[in-house]
Amino acid sequence: MPSITEIDTIQSTDSKMKKLVGPAIATLVPVIGFALAIHVYSNELLLTYMAIYVALAQGVNIMYGFTGYLPFGYFGFFGIGAYVSGLVMLDYNFPPVLAVVIGGVGGALVGAILLPLFRLRGAYFAIGTLAASEAIYTIVANPSLQSVTNGPYGLNLANYYSSGMAYGSAIALVAISIIAVSYVRGSRFGLTLKAIRDDPYSASMAGVNVPRQRFYAWLISAAIAGMAGSIFGWATSVFYPQAVFDSSLSVLAIVFALFGGVGSVWGPTIGAILLYSVYNAIGISNPQYFQLIYGAVIVLLVLFAPRGLLGFWNFIAQKLSSKRKKND
Amino acid sequence: MTDSPVLLRIENLTTVFGGLKALSEVSLEINPGQAIGLVGPNGSGKTTLVNTVCGLYRPASGRVILEGTDITGHRPHSIARAGINRTFQIPKPFKDLSVYENVKVSSIHSRNPAPIEEVLARVNLREFANHPISELTASQQKRLDLARALALEPKIIFVDELAAGLTPGELHEVAEMLKQFQAFGIAMIVVEHLMGFLEQVVASVLVLSAGRTIFTGALRNALADEEVKRVFLGGESDAGN
């Protein structure tokens, strides 16, 4: 058994390796995959949406995987991002890429405004975020705000449409979200978040300023959703408020993250790519059975892989390893 | 700040849950390196007192003063960083982290972190540093709670039923450990039911019943006190008082 000094050395060498090689592979594989995919599958918009869902699933991962708070109202940040970036493009003629960044800032600002929701826990927090996002939707889509948000008629960004640029930005966002998760996972901040997830009061007696640490995770997660919404709006070009303030966006992002395995770097990426592919394949080939098949997939996931694909993989690997040890 | 030698002063602390007064005007003083036993039947308010001092509950009235500074109602992490810490009756390790990482969390957030290696050695968990929590016994998990507290270089620790469920050998080991902490100047308030264990660690006790202080003084005098005997042996119902 290694001594503590050795553990420190092992952990520091190990973390240095992980800090460089692990995140690099986890980032480059999907980025290169998306860059090549366009040469194999020509539906660029669908690939853009898929990349957006990878980023959203990673955003959910930071929030739920590392703090245990399930953000059912995650779509609120997405919608705000779409609107903030769309409006700065339309009203101030901002270049789209800069508008995407501003959309992320918009998402983070709304995240800061919704901070009091952290007084709630568990299902109450999930429902609270859902209600808050519905409230934001109601405000944005309100006809009396037509002069500002164009009310229920949405935004038309056709003049800024550039499918290639939007796709490139979506791939960049995938990279940003994976790097963010890798940082959180490998850092002291991530260790602190895991402690909070296990027991917030116990973590506070370990000297952790729990609300502040959660707030940082919440802001990162909200900024990712804001940028994802911005790219969605830009790539879609014309959208109505109900398209970007859609609760199914949250549901899908959460399901994708859980399917792959939260708390990991790879899980949400794999979950989003696999399930979004299945989602579209069923939707195109058997639209009449869509809800049935997709529902069955989720039930099977909950029954047989509650910790997601990566959790299932780790379970099998552990079994094989202990069997090998016994044989030795 | 004052020149008071008292490390922690609890003044008339009262905690109310709805209509129930769980703690009623409890006062206590403790000096650096001193150990006081906190005893009482189940429901007497021992853990409520710990939770209130450590910031989990906000008191209805009264004050908590650490080294002359009023820290009443401060948030738990501020209280922990100021030098008050605790263990839990049911241990609360961070289950997804290793033993080493559990202590590292405290170390990261300490104003004056103690070396993790040294902390683990002080609670006899050094050899378990890279073990997952699932491999620890309940007694080891309680010591891990203690290690997390020690990593923050506390001035005082509330030790909540550390001895429960331990074998006689483990009891002796834990008692020796607590005495060592005292020797380092750490004050302790030991919440305990086992009088034999308390005798090894503390000289004086505060006895609670139904949230009220019914005795303060030497442990041997407490064992002879009529009211203490009535509360422990006479079947007095705490809920009704």
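Principal-axis analysis of the Cα atoms of chain A puts helix A:308-327 at an angle of about 10° to the longest axis. Normalised by 2.2 N^0.38 Å, where N is the number of residues, the C-alpha radius of gyration of the range A:44-130 stands at 1.19.
For the protein assembly as shown, what is the convex hull volume of its Cα atoms per residue in Å³? Provide the component values of the computation, followed by the final result.
On the way: hull volume 115.2 nm³, N = 569.
In the protein assembly as shown, the Cα hull volume divided by residue count equals 202 Å³.
What is the Rg over Rh value, at two decimals, for the range A:127-233, using alpha-carbon atoms and the Kirkwood definition of Rh?
Radius of gyration relative to Kirkwood radius: 1.10.
Restriction of the chymotrypsin sites (Phe, Trp or Tyr not before Pro) in the range A:29-115 to DSSP coil positions whose beta-carbon has at most 16 other beta-carbons within 10 angstrom yields A:Tyr41. Under 13 Å Cα-Cα from B:Lys21, which aspartates and glutamates qualify once same-chain neighbours fewer than 8 residues away are excluded? Straight-line reach from B:Lys21, under 13 Å: B:Asp238.
Spread over its residues, the convex hull of the C-alpha atoms of the range B:54-137 is 116 Å³ per residue.
Extents of the range A:238-311, taken as max minus min of Cα coordinates on every principal axis and listed largest first, are 38, 26, 16 Å. Each 10 Å bin, from zero up to the one with the longest distance, holds this percent of the alpha carbon pairs of the range B:1-95: 15, 48, 32, 5, 0.
In terms of its Cα atoms, the range A:126-172 spans 35, 31, 11 Å along the principal axes, sorted from long to short. Distance between the C-alpha centres of the range B:63-93 and the range A:249-328: 43 Å, rounded to the whole angstrom. Rounded to the nearest 500, the 222 nm mean residue ellipticity of chain A from helices alone is -26000 deg cm²/dmol, with -39,500 (n - 2.57) taken per DSSP H run of at least 4 residues. Working note: Debye formula, equal point scatterers on the alpha-carbon atoms of the range A:179-279, no solvent; log10 I(q)/I(0) at q = 0.15, 0.19, 0.23 Å⁻¹ is -0.76, -1.06, -1.27.
Taking each of B:Lys95/B:Lys229; A:Lys194/B:Lys142; B:Lys95/B:Lys179 in turn, the alpha-carbon distance tops 31 angstrom for B:Lys95/B:Lys229. Peptide B:104-113 has a mean of 5 when you count, residue by residue, the C-beta atoms of other protein chains within 10 Å of its C-beta.
I'm checking a number: the convex hull volume of the Cα atoms of the range B:95-153, normalised per residue, in Å³. What is it? Intermediate values should be presented prior to the final figure.
Working: hull volume 3.7 nm³, N = 59.
Cα-based convex hull of the range B:95-153, divided per residue, equals 63 Å³.
Entry for chain B at q = 0.16 Å⁻¹: log10 I(q)/I(0) = -1.18, Debye formula applied to identical alpha-carbon scatterers, no solvent contribution.
Note on the range A:4-246: Kirkwood radius taken over Cα pairs, Stokes-Einstein applied at 4 °C and 1.567 mPa s, translational D equal to 69 µm² s⁻¹. Build a GNM of chain A with springs between Cα atoms under 10 Å: which of A:Leu145, A:Leu292, A:Leu46 gets the top mean-square fluctuation? Comparing A:Leu145, A:Leu292, A:Leu46 in a Gaussian network model of chain A, the most mobile one is A:Leu292. Along the axis of the charge dipole computed for the range A:169-328 (Cβ charges of +1 for Lys and Arg, -1 for Asp and Glu, origin at the Cα centre), the listed residues A:Ser322, A:Ile224, A:Ile293 are led at the positive end by A:Ser322.
Evaluated with a Cβ-only charge set (Lys, Arg +1; Asp, Glu -1), the protein assembly as shown carries a dipole of roughly 680 debye about its Cα centre, given to the nearest 20.
State to the nearest 20 debye the size of the charge dipole of chain A about its Cα centre, where the only charges are +1 on K and R beta carbons and -1 on D and E beta carbons.
It comes to approximately 1020 debye.
Counting alpha carbon pairs within less than 8 Å and at least 6 residues apart, what relative contact order, in whole percent, applies to chain A?
Once normalised by length, the contact order is 29 percent.
Inter-chain Cβ neighbour count for B:187-197, averaged per residue, equals 0 (cutoff 10 Å, partner chain atoms only). Highest mean packing first, where packing is the average number of other Cβ atoms within 10 Å per residue, the peptides B:98-107, B:117-126, A:164-173, A:282-291 line up as B:98-107, A:164-173, B:117-126, A:282-291. DSSP beta bridges fully contained in chain B are about 55 percent antiparallel.
Shielding value for A:145-151 is 0, the average number of Cβ atoms from other chains within 10 Å of each residue's Cβ. Against the main long axis of the alpha-carbon atoms of chain A, helix A:290-304 sits at an angle near 20°. Once the Cα-Cα distance is subtracted from the 0.36 nm per residue extended length, the B:Phe184 to B:Leu223 segment shows a gain of 11.2 nm.
Where a number appears in this text, it was derived from the coordinates with a stated rule and is not lab data. Worth saying up front: this structure is predicted, and the values here are computed from it rather than measured. Here the Cβ is made from the backbone with ideal geometry for all residues, glycine too, and neighbour counts use every protein chain on show.
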